[in-house]
Amino acid sequence: MSSGLGDHSSDFSDYANWSLEDWQGMEDDWCEAGEQEVAIKVFQTCLFAAFFLSGVAGNLLAVATFAAKRRRSATDTLLFQLALADLLLLLTLPLQAADTNVGWIFSAPACKATRAVYAVNTYGGLLLLVCIAADRYLAVVPARRHLRRRAPPAVTAAAVWLAAALLSLPEVLFSGVVGTGGAAYCGTLANARVKKAATGIAVGVFSLSFLLMAACYGGIARVLWAVGGGAFGGWRRQRTLKLMAALVALFLLFQLPHSAVLCVKMARPLCAPLLEYVTRSLVYARCCLNPVVYVLAGQHFRRDALRLLRLRAASP
C-alpha cells in the first residue's frame with residue numbers, strides 16, 4: 001500500500017528533520033500524478049466506497065457464519081481466518097480514501113497501524129489460501145493421507161499470522177509521516193534498497209503462494225480425473241474443491257496485476273500512478289468477492305448463512 005499520490009524513496013536517515021520542500025526536492029525518486037490526479041481521486045474514492053460498504057457487510061456475514069458453526073472442519077477454520085483478514089483489510093479503506101483526497105490528516109501511529117494492517121492481512125490472506133490448498137490436497141490425495149496427523153487448524157492459523165507479521169516488519173518499521181496538514185504524506189520512509197527489498201518480499205510471497213497452490217490443486221485434479229466418472233464427476237463429489245478453485249481464481253485475477261506492476265518497478269523506474277492505483281484497488285475487489293464465492297460455490301456455507309439470517313430476523 002502507498003498513501004498519497006506519489007511514490008517516494010531516498011536516503012531518509014534524517015527525514016524527521018526535513019521540510020516538505022526538502023522531500024519534494026528529491027527529483028530522482030518523486031513521481032507526480034500530474035493530470036491523472038483528479039482521475040485517481042475520483043476513481044479511488046468511488047471504488048473504495050463501494051468496496052467498503054459491500055465488502056464489510058459480506059465479510060461480517062462470513063465471519064459470523066463460520067463462527068456460529070458448532071462443528072468446524074479445518075477448512076472452515078481457515079476460511080474464517082481468511083474472511084477476518086479480508087474484513088480487517090477493508091476497514092482501512094476510509095483512511096486511505098481520505099489520504100488520497102486531502103493528504104494524511106491523521107496521526108503518525110495511525111499511519112503505522114494502517115500500513116501494518118494492510119501488510120499483515122495481505123500476507124495472511126495469501127498464506128491462508130496456501131494452507132487451505134494444502135489441507136484439501138492431504139484430504140484427497142491417497143498417497144498423502146498418512147500425513148493427516150498434522151497441527152490443529154488453530155495452530156496453523158496462529159503460525160500464518162505470525163509469519164505474516166514477520167513479513168510485514170519492513171512496512172511497520174519504516175513507515176511514517178512527513179509534512180503537515182493536507183500536504184502530509186504517509187508511506188515507507190526508507191532508502192531505495194530497503195524499499196526494493198520490501199517489494200521483493202511481496203513479489204516472492206505471491207509467487208511462492210501461486211506455485212504451492214498450483215502444485216496442490218494440480219495433484220487434486222489428477223486424482224479426481226482418475227476417479228470413476230472423469231473430472232466432472234469428481235468435481236461434483238467435491239463441492240468444497242469448487243469453492244477452493246474459485247477462491248484461487250479470484251486470487252490470480254485480482255492479485256496478479258498488482259504483483260506484475262511491482263515486478264516492473266523492481267526492474268526499472270516506473271511512474272504510472274493511475275496504473276498502480278487501479279491494480280492495487282483490484283486487491284480489495286478480491287476481498288469483496290470472496291464472500292460472494294462462499295455463497296455461490298459453498299453449499300454448506302449458503303445453508304448456514306441463511307439459517308443464521310433467519311435466526312437474526314426472528315429474534316426480537
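Checking the a/c ratio against 1.5 first, then a/b against b/c, what shape does the Cα gyration tensor give for region 67-217? Since a/c reaches 1.5 and a/b is larger than b/c, the shape of region 67-217 is classed as prolate. In this calculation the C-beta distance from Ala260 to Ile105 is compared with R0 = 22 Å, giving a FRET efficiency of 0.10.
Between Phe43 and Val295, full extension at 0.36 nm per residue minus the direct alpha carbon distance yields a gain of 87.9 nm. When peptides 81-87, 92-98, 213-219 are ranked by their average number of other Cβ atoms within 10 Å per residue, the highest-first order is 81-87, 92-98, 213-219. Using the Cβ-Cβ distance between Ser207 and Ala163 with R0 set to 22 Å, the FRET efficiency from 1/(1 + (r/R0)^6) comes to roughly 0.90. What the Cβ-Cβ distance of Ala67 and Asn191 gives, at R0 = 51 Å and to the nearest 0.05, is a FRET efficiency of 0.70. On a C-alpha basis, how far is the centre of region 97-135 from the centre of region 163-203 in Å? Whole number, if you could? Taking the Cα centre of region 163-203 as reference, the centre of region 97-135 is 12 Å away.
Every number in this text was worked out from the coordinates using simple rules, so none of it is lab data. None of the values given here were measured: they were computed from a predicted structure. Every residue, glycine as well, gets a Cβ built from its backbone with ideal geometry; the counts of neighbours run over all protein chains shown.
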